[in-house]
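Below is one structure, written out as structure tokens, with a few remarks after it.
The values are calculated or read from the model by the stated rules, or taken from the named source; none is laboratory data. Since we're looking at a predicted model, the values are computed, not measured. Positions of Cβ are backbone-derived with ideal geometry, glycine not excepted, and every protein chain shown enters the neighbour counts.
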Amino acid sequence: MENAKQIQDALLRWWDADHADLPWRRSKDPYAIWVSEIMLQQTQIATVIPYFERWLERFPTVQALADAPLDDVLKLWEGLGYYSRARNLHAAAQMVVTDWNGRLPQTAADLMKLKGIGRYTAGAIASIAFNEPAPVLDGNVIRVLSRLTDLPDDVTQTSTKNALWQLAEQLVPTDRPGDFNQALMELGQQVCLPAKPMCLLCPLSAHCLARQRGTQLERPVRPPRKRTPHYDVVAGIIWANDAVIGDPESKFLIAQRPFDGLLGVLWEFPGGKQEAGETLPQALVREIEEELAMQIEVGEFVTTIKHAYTHFRITLHAFHARHLSGSPQHLGVADHAWVTLADLDNYAFAVTDRKIIDALRGAP
């Protein structure tokens, strides 16, 4: 890019003048930088900060994370979402200890050998922690570069993404690559916003073709969004057949989700999707039979929870139920446990199941 040096200088001056003070930017520890980059994937900065601080207090080193039980890792991650990130962090920490003598690899190419680290994350860690001039390309950077070059092509296409990676590689300087990459990302977060770009405050406005041509709101180009599917889902608080339903000392069943599926390894109140023609109680009876080979009697309604995932939405309907017969078998689950309300704090649940727990405990 002909004016790469001017863009680098302008962006670094902006960065030096007033960049955000964030916990992970106060550390030169590659491990802390790695943890922050994983947590920041698809999660807002304000949400990440308390999780990051708790994480480093509990797992201050790669060795500490590698030695920890996966259940402890998932419990600390609880509520942050996209739980495969936590599983991959744990597995990658064990790889670092086993294959890299406990020290994080120092190049983007080697970092990509670790579980859960793709090209963007590798570039971010390598540039920030090890000063390698490796490029980054996340949603914020895509938006900045698309406007900077007034790119008319669909950024969801592989060929366009490859071209953007090449542009990012041309722009990243050999001097201060980490600062430059962070500045590029922060520019997208704070100034080059999707719907209301603050062009008058942008340090790159003089170099931005979309700004000059008035096409900023048309960039980046993406296809129209598809309608998000919705599913009704049922879940059961399945009380032991001799339990007093609702009694804090009585036991009910929770199940561990399969390792390789959505929210894998987390615990849940078992159930599943309602099928056409079924009532919600019928769906719950069928799901428990299919997943655990148990027969239940569905009782009172507990709560309804609406939740949106990346590619679909659900309405979750929770019911009390009583175990009638059949020993729990792991047909569609990884494990099960009979627990009391107090025991639930020892298990990691997804946000929807945490809301069921709140309802059981009478939380407002």
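Tabulated data for the structure shown
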| item | result |
| --- | --- |
| Only listed residue being surrounded by fewer than 20 Cβ atoms within 10 Å (Cβ to Cβ), over 21 Å from the mean Cα position of the chain (by Cα) and within 23 Å of residue 126 (Cβ to Cβ), chosen from 3, 88, 101 | 101 |
| Tally, over the stretch 124-136, of residues that are surrounded by 22 or more Cβ atoms within 10 Å (Cβ to Cβ) and either in a loop (DSSP other than H, G, I, E, B) or more than 20 Å from the chain's Cα centre (by Cα) (or both) | 6 |
| Lone qualifier among 141, 97 - being closer than 21 Å to residue 11 by Cβ, among the hydrophobic types (A, V, I, L, M, F, W, C) and not assigned by TED's automatic domain parsing to the domain that holds residue 261 | 141 |
| In the stretch 289-327, the residues that are out of contact with any His (no Cβ under 9 Å at 6 or more places or on another chain) and part of a helix (DSSP H, G or I) | 289, 290 |
| Residue within the stretch 231-241 that is acidic (Asp, Glu), under 31 Å from the mean Cα position of the chain (by Cα), part of a helix (DSSP H, G or I) and surrounded by 12 or more Cβ atoms within 10 Å (Cβ to Cβ) present | no |
| Qualifying positions in the stretch 205-214 - surrounded by 15 or more Cβ atoms within 10 Å (Cβ to Cβ) and either free of Cβ contacts under 8 Å to residues at least 40 places away in the same chain or assigned by TED's automatic domain parsing to the domain that holds residue 353 (or both) | 205 |
| Matching helices (runs of 4 or more DSSP H) fully within the stretch 154-216 where at least 1 residues are in contact with a strand residue (DSSP E or B) (Cβ under 8 Å, 6 or more places away or on another chain) | 158-171 |
| Residue selected from the stretch 43-79 under the condition charged (D, E, K, R) and without any contact (Cβ under 8 Å) to a residue 60 or more places away in the chain, by the criterion surrounded by the most Cβ atoms within 10 Å (Cβ to Cβ) | 72 |
| Unmet criterion (only one of (1) at positive phi; (2) among the polar types (S, T, N, Q); (3) part of a helix (DSSP H, G or I)) for residue 121 | (1) |
| Residue match in the stretch 32-42 (condition: free of Cβ contacts under 8 Å to residues at least 12 places away in the same chain and either closer than 22 Å to residue 354 by Cβ or buried (at least 16 other Cβ atoms within 10 Å of the Cβ) (or both)) | yes |
| Some residue of the stretch 294-301 being within 23 Å of residue 250 (Cβ to Cβ), among the acidic types (Asp, Glu) and over 27 Å from the mean Cα position of the chain (by Cα) | yes |
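The rows are residues; the columns are (1) touching a residue at least 60 places away in the same chain (Cβ under 8 Å); (2) surrounded by 14 or more Cβ atoms within 10 Å (Cβ to Cβ); (3) outside the structural domain of residue 43 (by TED's automatic domain parsing); (4) under 24 Å from residue 276 (Cα atoms).
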{"site": "287", "(1), (2), (3), (4)": "no, yes, yes, yes"}
{"site": "298", "(1), (2), (3), (4)": "yes, yes, yes, yes"}
{"site": "312", "(1), (2), (3), (4)": "yes, no, yes, yes"}
{"site": "316", "(1), (2), (3), (4)": "yes, yes, yes, yes"}
{"site": "320", "(1), (2), (3), (4)": "yes, yes, yes, yes"}
{"site": "329", "(1), (2), (3), (4)": "no, no, yes, no"}
{"site": "336", "(1), (2), (3), (4)": "yes, yes, yes, no"}
{"site": "345", "(1), (2), (3), (4)": "no, no, yes, no"}
